[in-house]
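Here is the structure we will look at.
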Amino acid sequence: MVISTLADTVLRQIESIQDTVNETLFEPVIRIGVTGLARSGKTVFITSLVANLLDRGRMPHLVAVAEGRIEAAFLQPQPDDTVPRFDYEAHLGDLTSATPRWPDSTRAVSELRLSLRVRRAGLLAGLQGPRTIHVDIIDYPGEWLLDLALLDKPYEQWVAETLARAQARQEAAAYLAQVGQVDGTAKLDEPQAKALAAGFTGYLNAARAAGYYDCTPGRFLLPGDLEGSPALTFAPLPGDGRGARGSLRREMERRYEAYKRAVVRPFFRDHFARIDRQVVLVDALGAIHKGPQAVEDMRGAMADILGAFRPGQNAFLTQLFAGKRVEKILFAATKADHLHHKQHDKLTAIMEALLRAARDRARFAGAQTLALSLAALRATTEDTVTHKGQTLDVVRGHLLETGKQVAFFPGELPQDPARLLTPARDGAEKWLDDDYRVMNFAPSVLSLRPGDGPPHIRLDKAAQFLLGDRL
Ligand SMILES: Nc1nc2c(ncn2[C@@H]2O[C@H](COP(=O)(O)OP(=O)(O)OP(=O)(O)O)[C@@H](O)[C@H]2O)c(=O)[nH]1
Ligand SMILES: [Mg+2]
């Protein structure tokens, strides 16, 4: 373990020297990570950001665009041969077809390189030619960051903690019964190992569906191409000490260690540690709609996820970063087009309060942060209607299920985020004051003018924060 940590570190240092040489001698590269919990809006965000950087008519708040300094933008083969390419064309095709639809759920890491040819600003502008700046965008599930905690945990400790949590959850009843029948000291039997892993995965999936977030190992829920491999065929088995050689329990321990070595470490080494700037997407409206428990649950999950951005929290990570750090973190509440813009500040405040503890730590770590509410793809228009003698600020859009056009009022968010977060923390069953609704809107049929990207809310401000200083 020590040796592989060392090897990781050396590799990382060589890479970062190469990165620096490339950047100073040649063309600068900015690596932007985009993460968030499942369905938070990562794929739509990246697709629309790229489309709006290629066609920049709707990006007035990106200063280099406003100054007319971006001469060209183009997609390039992405530099990492072993990472799947982010399927930009297919996702954009879905969103902009004659019958637009939201892209499918994505389950693994992917990457895209966009290059910008930019004229310099200021005095040097006339003296030097334009520069090319590469923007590598990496899409990865936020759930994977939760696995960081496993690295410092021996199998025995992981088993104890996992089973203790499971005891309190009815979703685990079947797995606990199953594991109760098993003798861990018996010789390894592969079908039995498989059945246990399946039972454990079933529990994790049920717990996740019930709204629990600490459902690690993360890859059990999102196996991608590792499905069925030994590194994912293990489960927590009770017992004392290490099992005898060849026993079921000893083999489970071995595979748990293999998972950390072959799955968790490479992700942090090859992807996470190389990110310069990070976008964290949060579907706060979705959680508010689901109720106080979901909000509290999301708060816990986000705090754990953002723990990965805190240097010193994990020895492996500290070595890997070797002094380098994420420079900027953008926290974005997504799908803001469900709300009239008069409520956007309140949504931002709620998301900020939700991330308070975690955000303070990231700031402490020296990263610059920004919080805003955005819609990567605006599916609604705003309107004001009178309802029972009251004027309401609504949004209009087409329902995903029926295609019917509706005017929608999601409820009035409180001015003070504590009105939501306190009952959530205190374990309230439902909201006292109000009921919050969300609707699933279909993406609008677009008829774009030449030079315009898809409609959005504040995507240009997000881009200015993420890239503006380097253009
Ligand atoms: N109205 C609206 N809905 C959005 C927007 N962005 C995302 N959505 C909705 O949120 C869903 C999830 O968006 P994705 O971009 O696929 O989210 P993801 O984080 O990539 O999801 P996974 O790949 O499953 O983890 C979409 O299918 C849409 O229904 C937006 O800007 N406006
Ligand atoms: Mg996705």
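The values are calculated or read from the model by the stated rules, or taken from the named source; none is laboratory data. Nothing here was measured: the structure is a model prediction, and the numbers come from that model. Because the Cβ atoms are built from the backbone with ideal geometry, glycine has one as well, and the counts that use them run over all protein chains shown.
Does Ile138 satisfy being of a type in the set (A, V, I, L, M) and either away from ligand 2 (no atom under 16 Å from the Cβ) or surrounded by fewer than 19 Cβ atoms within 10 Å (Cβ to Cβ) (or both)?
Numbers: of a type in the set (A, V, I, L, M): yes; either away from ligand 2 (no atom under 16 Å from the Cβ) or surrounded by fewer than 19 Cβ atoms within 10 Å (Cβ to Cβ) (or both): no.
Taking the combined requirement at face value, the residue does not satisfy it.
Tell me which residues, restricted to segment 413-469, are of a type in the set (D, E, K, R) and more than 17 Å from Met351 (Cβ to Cβ). Let's see the steps before the verdict.
To start, the set of residues in segment 413-469 that are of a type in the set (D, E, K, R) comprises 416, 419, 425-426, 429-430, 433-435, 437, 449, 452, 458, 460-461, 469.
Within segment 413-469, Asp426, Glu429, Lys430, Asp433, Asp434, Asp435, Arg437, Arg449, Asp452, Asp460, Asp469 qualify.
So which pairs qualify, if the first residue must be in segment 43-71 and among the charged types (D, E, K, R), the second must be more than 16 Å from ligand 2 (Cβ to nearest atom) and in a helix (DSSP H, G or I), the Cβ gap must be under 9 Å, and the two must be at least 6 apart or on different chains?
Filtered contacts from segment 43-71: Arg56/Val65; Arg56/Asp460; Arg58/Asn52; Arg58/Leu459; Arg58/Asp460; Arg69/Val63; Arg69/Ala125.
Listed residues Arg449, Arg437; which is assigned to a loop (DSSP other than H, G, I, E, B), away from ligand 2 (no atom under 16 Å from the Cβ) and closer than 30 Å to Arg119 by Cβ? Quick ask: steps written out before the conclusion?
Working: Arg437 fails: closer than 30 Å to Arg119 by Cβ.
So the residue among Arg449, Arg437 that is assigned to a loop (DSSP other than H, G, I, E, B), away from ligand 2 (no atom under 16 Å from the Cβ) and closer than 30 Å to Arg119 by Cβ is Arg449.
Restricting to segment 241-274, name every residue that is part of a loop (DSSP other than H, G, I, E, B) and surrounded by fewer than 21 Cβ atoms within 10 Å (Cβ to Cβ).
Gly241, Arg242, Ala244, Arg245, Gly246, His271, listed by residue number.
Please enumerate the residues belonging to segment 41-58 that are outside any helix (DSSP H, G or I) and either within 16 Å of ligand 1 (Cβ to nearest atom) or farther than 17 Å from Leu466 by Cα (or both). Full working, then the answer.
The first filter runs over segment 41-58 and keeps only residues outside any helix (DSSP H, G or I), leaving 41, 55-58.
Passing the criteria: Gly41, Asp55, Gly57, Arg58.
Kindly indicate whether Asp104 is surrounded by fewer than 17 Cβ atoms within 10 Å (Cβ to Cβ), within 14 Å of ligand 1 (Cβ to nearest atom) and of a type in the set (Asp, Glu).
Values: surrounded by fewer than 17 Cβ atoms within 10 Å (Cβ to Cβ): yes; within 14 Å of ligand 1 (Cβ to nearest atom): yes; of a type in the set (Asp, Glu): yes.
Yes: the conditions hold for Asp104.
Take segment 91-101 and flag every residue that is surrounded by 11 or more Cβ atoms within 10 Å (Cβ to Cβ) and out of contact with any helix residue (DSSP H, G or I) (no Cβ under 9 Å at 6 or more places or on another chain). Lay out the reasoning, then the answer.
Filtering segment 91-101 down to residues surrounded by 11 or more Cβ atoms within 10 Å (Cβ to Cβ) leaves 91-97, 100-101.
Gly93, Ser97 - these are the residues of segment 91-101 that are surrounded by 11 or more Cβ atoms within 10 Å (Cβ to Cβ) and out of contact with any helix residue (DSSP H, G or I) (no Cβ under 9 Å at 6 or more places or on another chain).
How many residues does segment 176-223 hold that are touching a residue at least 40 places away in the same chain (Cβ under 8 Å) and of a type in the set (S, T, N, Q)?
Number satisfying all stated conditions: 3.
Name the residue, out of Asp426, Asp393, that is touching a strand residue (DSSP E or B) at 6+ places or on another chain (Cβ under 6 Å), of a type in the set (D, E, K, R) and more than 15 Å from ligand 1 (Cβ to nearest atom).
That would be Asp393, the only listed residue that is touching a strand residue (DSSP E or B) at 6+ places or on another chain (Cβ under 6 Å), of a type in the set (D, E, K, R) and more than 15 Å from ligand 1 (Cβ to nearest atom).
For Tyr175, state whether it is of a type in the set (Ser, Thr, Tyr), within 27 Å of Gln293 (Cβ to Cβ), at pLDDT below 90 and surrounded by 13 or more Cβ atoms within 10 Å (Cβ to Cβ).
On the way: of a type in the set (Ser, Thr, Tyr): yes; within 27 Å of Gln293 (Cβ to Cβ): yes; at pLDDT below 90: no; surrounded by 13 or more Cβ atoms within 10 Å (Cβ to Cβ): yes.
So Tyr175 fails the test.
Every residue in segment 151-168 that is touching a helix residue (DSSP H, G or I) at 6+ places or on another chain (Cβ under 6 Å) and surrounded by fewer than 22 Cβ atoms within 10 Å (Cβ to Cβ), please. Spell out how you get there, then give the answer.
Step one: filter segment 151-168 for residues touching a helix residue (DSSP H, G or I) at 6+ places or on another chain (Cβ under 6 Å), giving 151, 155, 166.
Leu151, Ala166 - these are the residues of segment 151-168 that are touching a helix residue (DSSP H, G or I) at 6+ places or on another chain (Cβ under 6 Å) and surrounded by fewer than 22 Cβ atoms within 10 Å (Cβ to Cβ).
Could you grab the pairs with beta carbons closer than 8 Å, sequence gap of 6+ or different chains, first residue in segment 104-117 and more than 16 Å from ligand 2 (Cβ to nearest atom) and of a type in the set (S, T, N, Q), second one part of a strand (DSSP E or B) and at pLDDT 90 or above?
Note: pairs meeting the criteria are Ser115/Ala73; Ser115/Phe74; Ser115/Leu75; Ser115/Gln76; Ser115/Thr132; Ser115/Ile133; Ser115/His134; Ser115/Val135.
Is it fair to say Glu71 is over 20 Å from Phe465 (Cβ atoms) and of a type in the set (Asp, Glu)? Write out each step before concluding.
Working: over 20 Å from Phe465 (Cβ atoms): yes; of a type in the set (Asp, Glu): yes.
Criteria met by Glu71.
Is it fair to say Leu400 is in contact with a Phe, Trp or Tyr (Cβ under 7 Å, 6 or more places away or on another chain), surrounded by fewer than 20 Cβ atoms within 10 Å (Cβ to Cβ) and under 30 Å from Leu116 (Cα atoms)? Show your work before the answer.
Numbers: in contact with a Phe, Trp or Tyr (Cβ under 7 Å, 6 or more places away or on another chain): yes; surrounded by fewer than 20 Cβ atoms within 10 Å (Cβ to Cβ): yes; under 30 Å from Leu116 (Cα atoms): no.
No, not satisfied.
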